[in-house]
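What follows is a short report on a single structure.
Readers should treat all values here as calculations from the given coordinates under stated rules, not as data from a laboratory. Just so you know, these numbers come straight off a predicted model, no measurement behind them. Here Cβ is always computed from backbone atoms with ideal geometry, including for glycine, and neighbour counts include all displayed protein chains.
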C-alpha cells in the first residue's frame, strides 16, 4: 500500500498535506479508532468534542481511501432504507426521519466551526433514466411530503428536465435542495486538522496488525501499541477482514471517476444549469457534478467483480459523451478509482463485535453523509446513549457463506442482472 495519495483531481487541489507521525511505542487513550477516513476521523472528532482522549491509526494517509476519492455527493439518508422500514417498522421509520439529514448537519456545522474550505454547494438531483422511473421518484416525493419532511424536494417532469441537466437521455428528475456536493478530501483533511487541534493523536503509515477487546483492549502496529478502553473499526482495510470477522457481509467494489479540463462557463452552464450534483436512477448508475473550477467530474461503471479497467479514461469517456455529446473532444485531465463497500442488504453495518469493540462499514456509495451519521451513532454509544446503535444491531444482514473472491463473482452476476434491467 502506497502512503501517497493517488493522482486524482482531489489530491491535486488539496488545501493541505496531512503530516502525522508513525506510531512508535505504547500510547494510551480512552478510544482507539482504526482508520483515517471519514468514518474514523468523524468519530474521533465527535469523541474529542465530548472530552475523550482519542488515538487514530491510519495505514496510509488521512483520506487515502474512498473518503478522499469519491464523487463528493452529499446525499440525504442512507442506503437500504426500505430494508430498515420492513425489519424495524415504526421504530425504523422514526430512525430514518431522525438521521436523514444528520450527516449534513454535522458536516455543515464543522465547516463553519472549524473554517474548512471544501467547496460546499447545495442541491442534488436524481434523474430518471427511463420513463417508468418517474413513478418511483413521484411516490418518494409524495410520501416525504405527506410525512411533513419534503419541503426541500421538487419533482421535475420530462418537459422541464432541461432546467436540471443538459442531456437528452433523461425523463424527469427529483431535486433535493438540502443535499449537495463538496470536495471530499479537503473535508476529511479539515476534520482531521480540527480533531488534532482538540488533542486527537493521529498516526499515519501505522497499519494495525492485530487488536483485541475484553478487559484490556489494544491495537498493535508494526512499531507500537495503543491501549484503550474502546476500539472502533472504521475502515474496509482494517484487521476485522484479516481475521475474517466480517467475511460474507461486505464486498469491496470498484468505482471510477474522470475529471475534464476546466470547461468554458457557457458549456458548464449548459450541462448543469443549476450546478447540482446528479445521479441517475439506474441500479448500476452514473453520477456527475461540476467542480469549483468548472470541471465535470463524471463517475460510475461500478465493477462488482473487482477487476479494475486497464484504462479508466477510455472506459468512462464513451458514456460521458453519450450523456453529454457537447463534451466530445474535451480533455480528461484526471482519472482515478477506488473501492466502496457493498453490503448485500444495502444497509450500513454498524454494531459491535464485543461490548467495547465497535465497527462501521458498508455505505454502498452514500459515504459522505452516512459516515458522519455512523460516527455520531458510535460516539453516542461510547458516551452511553445506545438507542440508535441498538436499532442498527437489530438489522438482519445477509452473509454469503463463501470467500471474498467467490462472493464478488456472485455479486457481479447479480449486478449484471440489474444492469441488463437498466438497459431495457
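Count the DSSP beta bridges whose two residues both fall in the chain, then state the antiparallel fraction as a percent rounded to the nearest 5. Around 65 percent antiparallel, to the nearest 5.
Only one of (i) 22.4, 86; (ii) 20.8, 65; (iii) 25.9, 88 was calculated from the structure for Rg and Dmax of the Cα atoms in Å, and its label is (ii).
Computed from the Cβ-Cβ distance with R0 of 25 Å, the FRET efficiency linking residue 319 to residue 139 stands at 0.35. Considering only alpha-carbon pairs that sit under 8 angstrom and 6 or more positions apart, the relative contact order computed for region 1-78 is 38 percent. For the chain, the relative contact order is 24 percent, taking Cα pairs closer than 8 Å that sit 6 or more residues apart in sequence and dividing their mean separation by the residue count. Between residue 157 and residue 307, the FRET efficiency from the beta-carbon distance, with R0 = 30 Å, is close to 0.15. With helices as the sole contributors, the chain gives -10000 deg cm²/dmol at 222 nm; each DSSP H run of n ≥ 4 counts as -39500 (n - 2.57), and the sum is divided by every residue.
Give me the angle, in degrees from 0 to 90, between the Cα long axis of helix 312-323 and the longest principal axis of the Cα atoms of the chain, rounded to the nearest 10. Here the helix axis deviates by roughly 40 degrees. Sorting 74, 320 from the fewest to the most surrounding beta carbons within 10 angstrom yields 320, 74. Prolate is the label for region 332-374, because the ratio a/c of its alpha-carbon gyration tensor axes (a ≥ b ≥ c) is 1.5 or higher and a/b is greater than b/c.
Sorting 186-196, 280-290 by average packing, meaning the other beta carbons within 10 Å per residue, from highest down gives 186-196, 280-290. Compute the helix-to-body angle for 102-113: its Cα long axis versus the longest principal axis of the chain, expressed 0 to 90° and rounded to tens. The angle comes out near 80 degrees. Averaging the sequence gap over all C-alpha pairs within less than 8 Å and six or more residues apart, then dividing by the number of residues, gives region 34-165 a relative contact order of 15 percent.
Listed from fewest to most Cβ neighbours within 10 Å, the set 39, 167, 139 follows the order 139, 167, 39. The C-alpha atoms of the chain define a longest principal axis, and helix 367-382 lies at about 30 degrees to it.
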